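Participant: Here's a structure for you.
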Amino acid sequence: MTRSTLHTLLFAALSCAHAAAQRPADAMPTDKTRPNILWIYVEDTNDWMSCYGDEVIETPHIDALAEHGTLFERAYMPAGVCSPTRSAIITGMHQTTIGAHNHYSSFQKWRGMTMDVWDPNYLGVRTIPEIMRMAGYDTFNEGKLHYNFVHDLDQLYDHHTSRMEFKDAEEGSCWNAPNVGRPFFGQIQLKGGKARAKKRVERDKVPVPPYYPDHADIREDIANHYDTILKLDATVGRIVSALKRDGLYENTVIFFFSDHGMRLMRHKQFLYEGGIRVPFVLAGPGVPAGAVRDDIVSGIDISATTLGLGGVNIPSHMQGRDFLAPGYARDHFVAARDRCDYTIDRIRAVVTQRYKYIRNFMTDRPYLQPQYRDGRRPLETYRKLFAKGKLNEVQAAFAAPHRPAEELYDLDSDPHETVNLVHDPLHAQALGEMRTLLDRWIVDTDDQGRFPESDEALRAALQRWGEKAVNKEYDRVR
């Protein structure tokens, strides 16, 4: 039995006690007095939308959703990559607490390959769809899941499909299920920044963040991201129209959010603002309309808020909080990066209203150690420009052969996180406070990233990735 398995079993008693207190689905009310709850769950997307003040494109359908509800300006995801984030949100717990922090872990089958050896992560807690289902909700998922723990889809969802993108809620899919009279909790997964989109945005008109060189290959990726957001906006419009067509819109709470930021190298997988701060709009009955919130909310709070809107008690073990409840407040948020694909790393970040603190635990390896983006034009162009000395100090920082153990940024004056204040005496008190917040969080939440992956987990990763797995940690199982 693995360490993560032992750890998550500690939560089993609490979870089972909560489950025993729930009535079975056939004993729950079957009327529509409770709202439907829909997660529009988007991949790899930043908040480059007109409702967030972006001036490159117009996103009328997302804007309309924000006008109908509440827009969150400081929504953060617990990781900069999909499977740890998705594992955290679907449980309402930090992925580092439940042993789901390494990307694509606890997968016996992956892209048609069956692992000879693997390390299964058995949870001792129930997921949000399981809890909602027990509370009388019809549950569904359309598209991607990628949970880093052992699960049975038929236990989580009344109906599910692996098809990505919205299929117009044709008969038998999405909310058009046979459970007439029951409210639904559903997830529609959209490709977002991974989608193929028609070129619509002029490449020479997009802004380039100061930490990237102003080069055609970088502009292409940025403009492409705007193109995907235009496509996403149209899809959001189709979903809303279908809800109205089926008479469900007025009684449906819509969560619109992304799992992390876009694909460029300092965004996805890393813990800078572009990697973990995401668009998030909440709209529907019980949600303030036309509101904008600038307080910090966590992705794991989506889970607790979902239960609250559904009239379901929030389990005591859940680390997420209902951000619609009176007295809700987060004075800080913590995000984590661990192994991504075959790249072994460990980074933690703390965000407060003003500061971002990043701790790099593996300073023996550069930011741009071997990774999944290798060979792709933007990254290779960036590396070539660095090698030729054509990057300024800010642009070159991410390509350096070494990285600092700590980073501290003043988000008020430096939103792009380009000036590291760790050695600035004017910010020494803030640095000490951020260090303490992280140290306490690691202990209080039992951060499993403190421990190396098991031999079985490393063997599974090595079998998946082969010669790409070059980190020294693989040597003991190679």
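Participant: Kindly put V477, V253, V292 in sequence by how many other C-beta atoms sit within 10 Å of each C-beta, fewest to most.
Facilitator: In increasing order of surrounding Cβ atoms, one gets V292, V477, V253.
Participant: While we're looking at this one, here's another question. Taking other Cβ within 10 Å of each residue's Cβ, how do S50, S87, S298, S241 sort, fewest first?
Facilitator: Numbers: S50 17, S87 30, S298 26, S241 13.
Ranked by crowding around the Cβ, least crowded first: S241, S50, S298, S87.
Participant: Return the lysines within reach of K388: Cα separation strictly under 19 angstrom, same-chain partners fewer than 8 residues apart disregarded; answer none if there are no such residues.
Facilitator: none
Participant: Also: One-quarter of the Cα convex hull surface for the chain, in nm²?
Facilitator: Working: hull surface 88.4 nm².
Averaging across all directions leaves 22.1 nm² for the Cα convex hull.
Participant: Then there is this: Express as a percent, rounded to the nearest 5, the fraction of DSSP beta bridges in the chain (both residues included) that run antiparallel.
Facilitator: 50 percent
Participant: How much of the pair distance distribution for region 347-476 lies past 20 Å, counting alpha-carbon pairs only, in percent? Could the numbers behind the result be given before it?
Facilitator: Values: 4974 of 8385 pairs.
When all Cα pairs of region 347-476 are counted, 59 percent exceed 20 Å.
Participant: Show me 193-204, 222-233 ranked by packing, highest mean number of other Cβ atoms within 10 Å first. Walk me through the intermediate numbers first.
Facilitator: Details: 193-204: 14.7, 222-233: 21.9.
Averaged packing, sorted descending, gives the order 222-233, 193-204.
Participant: What does the charge count around R203 come to, taking other residues whose C-beta lies under 12 Å from its C-beta (Lys +1, Arg +1, Asp -1, Glu -1)? Please report the intermediate quantities before stating the final value.
Facilitator: Numbers: positive: K199, R200, K205, R219; negative: E202, D204, D214, D217, E220, D221, D227.
Neighbourhood net charge equals -3.
Participant: Measure up K144/K384; K231/K390; K109/K194 against 30 Å on the Cα-Cα distance and list the ones that go over. Let's see the in-between values first.
Facilitator: On the way: K144/K384 35 Å; K231/K390 35 Å; K109/K194 22 Å.
From the list (K144/K384; K231/K390; K109/K194), the Cα-Cα distance tops 30 Å for K144/K384; K231/K390.
Participant: Here's something else I'd like to know. Relative contact order for region 193-248: what is it in percent, counting Cα pairs under 8 Å that are at least 6 residues apart?
Facilitator: Numbers: 32 pairs, mean separation 22.6, N = 56.
Relative contact order here is 40 percent.
Participant: Can you name the helices of the chain, as whole DSSP H runs, whose Cα span along the helix axis is 18 Å or more and whose Kyte-Doolittle mean is not below -1.0? Intermediate results must be reported in sequence, preceding the final value.
Facilitator: Values: long enough: 216-245 (43 Å, -0.15); 428-444 (24 Å, 0.04).
Counting only whole DSSP H runs, the qualifying helices are 216-245, 428-444.
Participant: Please list, in order along region 194-205, the HN-Hα scalar couplings obtained from phi with the Karplus expression 6.51 cos²θ - 1.76 cosθ + 1.60 (θ = phi - 60°), rounded to whole Hz, x for Gly and Pro.
Facilitator: 8, 6, 7, 10, 5, 5, 10, 8, 5, 5, 7, 9
Participant: Arrange H402, H146, H317, H101 by Cβ neighbour counts within 10 Å, fewest through most, would you?
Facilitator: Ordered from fewest to most neighbouring Cβ atoms within 10 Å, H402, H146, H317, H101 come out as H402, H146, H317, H101.
Participant: Separate question: Quote the relative contact order of the chain in percent (integer), defining contacts as alpha-carbon pairs under 8 Å separated by 6+ residues. List each step's numbers first, then the result.
Facilitator: Details: 991 pairs, mean separation 107.0, N = 478.
It comes to 22 percent, rounded to a whole number.
Here, each number is a calculation from the coordinates, and none is a lab measurement. All figures in this text were calculated on a predicted structure; none of them were measured in a lab. Every residue, glycine among them, receives a Cβ derived from its backbone with ideal geometry; neighbour counts consider all protein chains shown.
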